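Structure first, then comments.
The values are calculated or read from the model by the stated rules, or taken from the named source; none is laboratory data. These numbers were taken from a predicted model, which means no experiment stands behind them. All Cβ positions, even for glycine, are placed from backbone atoms using ideal geometry, and neighbour counts span all protein chains on display.
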């Protein structure tokens, strides 16, 4: 069954957990959609994961558009959300509306923006333009330099209050859900109980309305830094390595191709 923005609100009311995974390509998205994941996120994590960037900052609007189109061709039921990259929405309202609108033209049904109270006016503008917005607070990777690195947010009383204020501000501005990244479990629980829109956690504990992870992390395909909150469900990297080594050996020894692989 096709998942829509209103469906997510209903899932929170029904206390039904929401699932979200990143997707960057057609083949992977096809599998994830078939499995029944609620939301596919074309994340700006595509930078480090797919393109080998040091962080998410170099990712361009064109790159997200490209991957959004690929994922959209595959999915049938999942809600498709596109991450808005750094500087695609911070320069002006007009440019933000245009860039977010391009994501919807590419097949996305919503966009995700990092930030709290400071982007609430922009969220209002986007929702009035018919563009559904997913919020993202806590650790916001596009602000990695101003935050001094990838650190848990909300550990002090001041930062806890700020997160709650940001969540309320985003809800009032019109977001349909909020990603909480690297937030203490008790703070995430308080935010989840405070707002009426679903919260989706990544390193935010057990009490969020849903969970999101990077697909390459849960499949064991990203061999770089692995955060504490990641659960690896399978370790595909050594399996792929073994398959490739077998292919190389078969070709060099003449075992491949065999007669059954040949046209006559």
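Comparison of 43, 36, 52, 47 shows that the only residue that is in the same structural domain as residue 132 (by TED's automatic domain parsing) and modelled with pLDDT under 95 is 52. Working only within the range 49-94, note down all residues that are within 14 Å of the chain's Cα centre (by Cα), under 19 Å from residue 141 (Cβ atoms) and in a helix (DSSP H, G or I). Listed by number, the residues that qualify are 49, 50, 64, 67, 68.
Highlighted here are the helices (runs of 4 or more DSSP H) found entirely within the range 101-198 that include at least 3 residues which are in the same structural domain as residue 67 (by TED's automatic domain parsing) and either buried (at least 18 other Cβ atoms within 10 Å of the Cβ) or modelled with pLDDT of 95 or more (or both): 120-128, 157-173, 185-194. Each residue in the range 94-119 was checked for being within 24 Å of residue 144 (Cα to Cα) and free of Cβ contacts under 8 Å to residues at least 24 places away in the same chain, and 2 pass. Taken over the range 204-222, the residue count meeting the criterion of being surrounded by fewer than 19 Cβ atoms within 10 Å (Cβ to Cβ) and in a helix (DSSP H, G or I) is 1.
Looking across the range 182-196, not a single residue is in contact with a helix residue (DSSP H, G or I) (Cβ under 9 Å, 6 or more places away or on another chain), over 11 Å from residue 167 (Cβ atoms) and touching a residue at least 40 places away in the same chain (Cβ under 8 Å).
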